[in-house]
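Trainee: Below: one structure in structure tokens.
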Amino acid sequence: MSEHGTESAGEHVSQPGTALRLEQGQVEGAGNSEGQVGIPDRFSNPGLPPHVSRSADLDEVAAHRAERQVATLFGISMVATLTFLVAYFAIDQRTYQFIPGIGQASLSNIVLGVSLGVSLLCIGLGAVHWAKTLMPDTEVTEDRHPQRSSDEARHETVETLEAGGRASQLGRRPMIKYMLGGALGLFALPLVVQLAGSLGPLPKADLATTFWRRGMRLMRDPEMTPIKASDVTLGSVFHVLPEGIDKSHDVLEEKAKAAVILVSLPPAVIRVPRERDWGHDGIVAYSKICTHVGCPVGLYEHRTHHLLCPCHQSTFDVANDCEVIFGPAHRPLPQLKITVDAKGYLVADAPFLQPVGPSYWER
Amino acid sequence: MNALGSHRRHPAAIVILLLLGLVATGGLYSLLAPRPAQAAVAAADDVTAGHQLFLANCATCHGISGQGGKIGPSLVGVGAAAVDFQVGTGRMPAAGPALPQVPRGKQVMFTNQEIANMAAYVATLGAGPAIPDSRYTQGDGNIARGNELFKVNCAMCHNFAGSGGALTRGKYAPNLRNATGKHIYEAMVTGSQSMPVFNDQNLSPTDKNDIISYLHDLDKNKNPGGLSLGNLGPVSEGMFVWIVGLGLMIGAAVWLGSKAA
């Protein structure tokens with residue numbers, strides 16, 4: 001037992017109804033009427049703070065003023081509603097008007113929005129102001145009555161249920177009981193199957209393959225015109241999609257995997273021999289889908305030959321096989337092997353040999 | 001003493017004196033400040049005139065015959081378009097080798113004729129992109145198609161409305177507001193600093209005109225809502241909502257809960 005306090009040492013036994021001061025030491029409860037020791041089961045009720053009257057309660061003039069304020073707010077709301085109704089028909093939707101602080105804005109937009117907003121707002125403001133100033137604000141306590149039903153009601157309920165059970169003969173007829181259980185239980189299955197079954201088709205190999213096939217021409221996005229190798233001059237960047245992707249079954253899903261960025265570097269700058277082999281005369285093609293979370297990596301800085309992803313700033317060095325030099329990506333961008341066909345157009349020589357984009361469980 | 005003298009110890013006296021001093025200094029500077037080097041144009045030939053301007057203003061960094069050096073890159077093969085763009089937007093002559101990139105200058109230092117002369121001279125150093133035909137820089141093309149092309153090729157660096165964006169290590173793609181059609185075309189065709197090259201086989205002259213049309217339409221700034229907040233998307237709009245919107249809501253909540261007078 002620790003001893004605190006300066007004036008009173010030792011423990012104190014609390015009496016029900018008296019409050020203890022903090023420095024009076026450890027509390028030992030007086031216990032309940034049976035003599036069990038513990039914290040007292042009732043603390044003294046400090047009561048409510050003294051009631052502060054509002055000016056509208058005491059002064060008739062203030063009450064009138066509050067009434068006028070509420071009426072004004074409702075009146076503003078009415079004016080605003082009428083403004084809305086007039087403006088809806090009167091203002092041409094193509095009118096642009098200079099409004100100080102905002103600039104050139106569509107007048108119809110502004111007037112309709114402001115008037116409707118003010119009309120609704122002032123209804124609310126008026127109601128709240130009325131409640132705050134004029135409606136009663138005395139504190140009210142509502143006793144909570146015990147929720148337990150009477151013993152008689154409980155007994156009757158149990159008896160009714162038991163009688164119903166006996167009357168249904170369920171106890172005497174086990175076959176009904178089992179078949180009922182089976183029918184109801186089995187009926188849950190169509191619901192579950194529909195929920196689970198409508199989650200969509202299984203991805204199978206979708207994450208590991210793209211639309212690219214050997215021999216597909218590289219097409220400019222969005223024009224979908226083929227690219228000649230001679231068009232790609234030093235320092236150029238082309239945004240590329242495979243030929244025929246706009247006719248595919250799931251265009252957006254395919255485009256989200258097959259987007260490619262075509263970059264032209266001086267061959268001498270490329271440090272990885274495989275990158276040079278898979279390109280054509282310094283023109284290299286890489287997947288545009290970031291290996292971090294999948295944003296398109298389109299920001300090519302041609303002096304430093306760094307490729308930047310705008311979402312989380314993963315930076316890839318195109319001269320070094322798109323190795324990650326900064327940022328949260330962990331894997332370099334996959335390269336697409338390209339070559340030229342007989343007419344001089346750039347074509348893919350092989351599909352992507354590794355999955356593109358972010359990691360997934362099986363990768 | 002006179003009326004002015006009797007106010008000499010007024011607290012505003014020091015402010016007025018400072019203002020007078022600033023005005024005097026500024027006026028003297030504008031009268032006596034040195035002007036940029038203007039080569040005396042003796043020859044009538046554009047290329048020769050351009051050569052002399054080049055020697056006076058560009059050779060220190062770019063070399064006597066434009067071969068480049070430690071400070072400035074080689075200008076062989078950049079073409080007249082590059083000169084017209086860089087000098088015409090004030091980027092060149094640069095005050096010095098600026099890292100991370102040379103900013104757009106505060107003013108253009110040369111007249112249009114001088115820029116044309118310098119461009120003609122640099123074009124002779126090596127074959128490169130020429131100043132574009134004015135037919136394709138008018139901005140009278142298809143705005144919707146220009147938007148589509150801009151979205152795919154330009155928006156990742158320059159923002160969906162050309163408001164500019166950040167690149168790595170302090171480099172940036174500048175804001176495209178109020179850029180002339182000719183400079184937009186030239187920037188695409190020459191690939192200035194970090195910007196890649198969009199030659200006429202990648203984006204045809206008509207495509208470039210469409211992109212110019214889109215950018216010029218944005219300059220008219222017909223936003224139905226008025227303030228575009230810089231077209232920066234969730235950044236500026238979020239700031240507005242968090243500061244103004246949330247502030248108003250907190251104020252409303254405080255008012256709702258407070259007792260009336």
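FYI, it's all coordinate maths here, none of it is from the lab. In this text, all values refer to a predicted model and were calculated from it rather than measured experimentally. Virtual Cβ from ideal backbone geometry, glycine too; neighbours counted across all protein chains shown.
Trainee: Taking the convex hull of the Cα atoms, report for chain B its projected area averaged over all directions, in nm².
Mentor: Orientation-averaged projected area of the Cα hull: 25.8 nm².
Trainee: Of A:Lys204/A:Lys337; A:Lys247/B:Lys182; A:Lys337/B:Lys70; A:Lys257/B:Lys151, which sit over 30 Å apart, Cα to Cα?
Mentor: With Cα atoms farther than 30 Å apart: A:Lys247/B:Lys182; A:Lys337/B:Lys70.
Trainee: If you don't mind, another one. Would you tally the net charge around B:Phe54, using a Cβ to Cβ cut-off of less than 15 Å, leaving B:Phe54 out, and scoring K and R as +1, D and E as -1?
Mentor: Surrounding charge for B:Phe54 is -4.
Trainee: Also, I was wondering about something else. What value does the protein assembly as shown have for Rg/Rh, both radii from Cα atoms and Rh as Kirkwood defines it?
Mentor: 1.17
Trainee: In terms of the ratio Rg/(2.2 N^0.38 Å) built on C-alpha atoms, what value belongs to the stretch B:128-221?
Mentor: 0.99
Trainee: Could you tell me which of B:Gln101, B:Pro234, B:Ile16 has its Cα farthest along the dipole of the protein assembly as shown towards the positive end, charges placed at Cβ (Lys, Arg +1; Asp, Glu -1), taken about the Cα centre?
Mentor: B:Gln101
Trainee: Residue farthest toward the positive end of the dipole of the protein assembly as shown, with Cβ of Lys/Arg at +1 and Asp/Glu at -1: which of B:Tyr29, A:Gly298, B:Tyr214?
Mentor: Checking the options against the dipole of the protein assembly as shown, the answer is B:Tyr29.
Trainee: Does the stretch B:46-125 come out rounded, prolate or oblate, given a ≥ b ≥ c as the square roots of the eigenvalues of its C-alpha gyration tensor, rounded meaning a/c under 1.5 and, failing that, prolate meaning a/b above b/c?
Mentor: It is oblate, given that a/c is not under 1.5 and a/b is not larger than b/c.
Trainee: Follow-up. Rounded to two decimals, what is the ratio between the C-alpha radius of gyration of the stretch A:199-244 and 2.2 N^0.38 Å?
Mentor: 1.55
Trainee: Which log10 I(q)/I(0) values, to two decimals, does chain A give at q = 0.08 Å⁻¹ under the Debye formula with one point per Cα?
Mentor: -0.90
Trainee: If you don't mind, another one. Among A:His155, A:Leu125, A:Val284, whose Cα lies farthest out toward the positive end of the dipole of chain A, if unit charges sit on the beta carbon of Lys, Arg (+1) and Asp, Glu (-1)?
Mentor: Farthest towards the positive end: A:Val284.
Trainee: Between the stretch B:193-244 and the stretch B:126-146, how far is it from one alpha carbon centroid to the other, in angstrom?
Mentor: Taking the Cα centre of each part, the stretch B:193-244 and the stretch B:126-146 sit 18 Å apart.
Trainee: What's the longest bit of chain A with no exposed GluC sites (Glu not before Pro), using DSSP loop states and at most 10 other Cβ atoms within 10 Å as the test?
Mentor: It runs A:143-361.
Trainee: Averaged over all directions, how much area does the convex hull of the C-alpha atoms of the stretch A:55-133 cover when projected, in nm²?
Mentor: Result: 6.1 nm².
Trainee: Further question on the same structure: Using a basic spin-label model with each label point 7 Å from the Cα along Cα→Cβ, how many nm lie between A:Leu234 and B:Leu17?
Mentor: 6.4
Trainee: To continue, here is another question. Might you report the magnitude of the Cβ-based charge dipole of the protein assembly as shown about its Cα centre, with Lys and Arg at +1 and Asp and Glu at -1, to the nearest 20 debye?
Mentor: Result for the protein assembly as shown is approximately 1640 debye, rounded to the nearest 20.
Trainee: Loop sites only, by DSSP: take the chymotrypsin sites (Phe, Trp or Tyr not before Pro) in chain A that have at most 10 other C-beta atoms within 10 Å and name the longest stretch containing none of them.
Mentor: Of all site-free stretches, the longest is A:1-359.
Trainee: To continue, here is another question. Report the local net charge at A:Glu243: Lys and Arg +1, Asp and Glu -1, summed over other residues whose C-beta lies under 10 Å from its C-beta.
Mentor: +2
Trainee: Select from the stretch B:160-261 those trypsin sites (Lys or Arg not before Pro) which occupy a DSSP coil region and have at most 14 other Cβ atoms within 10 Å, ordered by residue number.
Mentor: In loop regions of the stretch B:160-261 (DSSP not H, G, I, E or B), the sparsely surrounded trypsin sites (Lys or Arg not before Pro) are B:Lys220, B:Lys222, B:Lys259.
Trainee: Tell me, what is the Rg over Rh of the stretch A:122-256, with Rh the Kirkwood radius over Cα pairs?
Mentor: My calculation puts Rg/Rh at 1.43.
Trainee: With a bin width of 5 angstrom, please list the P(r) values of the stretch B:79-141 as percents of all Cα-Cα pairs, from the 0 bin to the one holding the largest distance.
Mentor: 4, 18, 22, 20, 21, 11, 3, 1
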